[in-house]
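Where a number appears in this text, it was derived from the coordinates with a stated rule and is not lab data. These numbers were taken from a predicted model, which means no experiment stands behind them. Cβ: placed from backbone, ideal geometry, glycine included. Neighbour counts: every protein chain shown.
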Amino acid sequence: MSRTTPTARPLRARRRPLGTTGPVLPPISRRSALFGLGGITVLGMVGCAPEDGGGSGEGGSTRSIEHKYGTTEISGVPSRVVTVGLTEQDYLLALGVAPVGVREWFGGHDGALWPWAAGALGDAEIPEVLPVESLNFEQIGSLAPDLIVGINSGLTEDEYSTLSGIAPTVAQPADKADYGATWQEIARTIGVALDRVDDAEALVQDIEQQFEDVRAEHPEFAESTALLATSIGGEAWAYAEGPAPGFLTQLGFKLPEEAAALFTDENREPKQVSLEQLEVLEADVLLVGVYGDEENSVTNQTVFQRLDVAREGRYLTMPEMSRINGALSFGSVLSLPYALQELTPRLAALADGDDATEAEPIPAE
């Protein structure tokens, strides 16, 4: 038995635009712009293989999960799970459960699984892909889920109500902005939902240790500033919150003071930066996600090339569909180990203070 206890919250008139808290995630009409090895490593550490969705699981305790729209109670062990957030499939796979339905974000990969997650799928069936633009309730219902997960989402109260009529549904946390749950929070919440709390905590501790190890190996990161920016159709955006800025912070980097001054609202939402203001992108290390035609990227503008960060070679472009950009955007328990492996040496090359040291370019795919 599972039930949901609603709380009194006003119904929002419209969905909050994607990208208000994510690193490389724009409004949904431009979703591909503005929010492998790691998966195998994490699965090996947890010691459980993905389960094929094959009907409701039995056994397990009854758990209660509080979220934006109330409290959801889950009994037994869910086995047919649908994800309607943007990244929860990675967490399910890391905890040994193959989702039966996954909401596509970007990338266009089979089953909406990037390489680090596809490697963790094993022999389980590739999940059915749900559209990101709007929820297809009929499609979701046809998958006969026993759990629906939307923690990294912007579910409206109406959407949540409809989904919870299909199966127990876990929405985004009440104390965060939409799409604002941290990777640790997502992992622990899904651990509760799957009755695998210890495994989820082991995942969190393992990845936090990986960050600690990199910080110890590169103390120069703590003495440097770093900024995440994007070029979307030739327009520059700067970010303070989300998985990618959080990745840099967890490595010890600080946000440059001039950039930090941009973010005055409560959620520190992404800010567009005009060409006349590009000096605000100055940092010891600058990562730029490039969306749209690369020839029109802000990084190719003369005014950008005159910045110290450009003249001294302290920036790195991340093509939209590159694995590194995907890994940073997902910021999940499967993608973070991959990002650490691939980005750490590049960041070290940018932060070493030697203009002659060049970071290895990021492949387009």
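Some points to look at:
- Amide H contacts for Leu130 (H built 1.01 Å from N in the peptide plane; partners 5 or more residues away or on another chain; cut-off under 5 Å): Val102, Arg103, Glu104.
- Partners of Lys68 within straight-line reach, counting aspartates and glutamates whose Cα lies under 16 Å from its Cα and excluding those fewer than 8 residues away in the same chain: Glu157, Asp158, Glu159, Asp175, Asp178, Glu185.
- Two-decimal Rg/Rh across segment 59-124, once Rg and the Kirkwood Rh are taken from alpha-carbon atoms: 1.01
- C-alpha center-to-center spacing [segment 148-195, segment 241-261] in angstrom: 25 Å
- For segment 81-198, the Stokes-Einstein estimate of translational diffusion at 4 °C and a viscosity of 1.567 mPa s comes to 92 µm²/s, using the Kirkwood hydrodynamic radius over alpha-carbon pairs.
- Note that segment 165-304 shows a convex hull volume over its alpha carbon atoms of 148 Å³ per residue.
- Low-density loop cleavage sites - GluC sites (Glu not before Pro) in segment 193-291, where at most 15 other Cβ are within 10 Å (DSSP): Glu266
- Cβ-based charge dipole, segment 274-332, positive-most Cα from Thr317, Tyr291, Ser329: Ser329
- The 3J(HN,Hα) values that the Karplus relation (6.51, -1.76, 1.60; θ = phi - 60°) gives for segment 115-132 are, in residue order, x, 5, 7, 4, x, 8, 5, x, 8, 5, 5, 5, x, 6, 8, 9, x, 8 Hz. Gly and Pro appear as x.
- The mean sequence distance of close C-alpha pairs (under 8 Å, at least 6 residues apart), as a share of the length of segment 148-215, puts its relative contact order at 26 percent.
- Sparsely packed GluC sites (Glu not before Pro) within segment 91-137, loop by DSSP, other Cβ within 10 Å at most 15: Glu125, Glu133
- Its alpha carbons give segment 258-365 an Rg and a Dmax of 14.4, 40 Å.
- Overall, the ratio between the Cα radius of gyration of segment 213-263 and 2.2 N^0.38 Å, rounded to two decimals, is 1.23.
- Of the trypsin sites (Lys or Arg not before Pro) found in segment 281-338, those in coil by DSSP whose Cβ has at most 14 other Cβ atoms within 10 Å are Arg306.
- Excluding same-chain neighbours fewer than eight residues apart, the lysines reachable from Lys271 by a Cα-Cα span under 25 Å are Lys176, Lys254.
- Pairs of Cα atoms farther than 13 Å apart, segment 132-180, %: 55 percent
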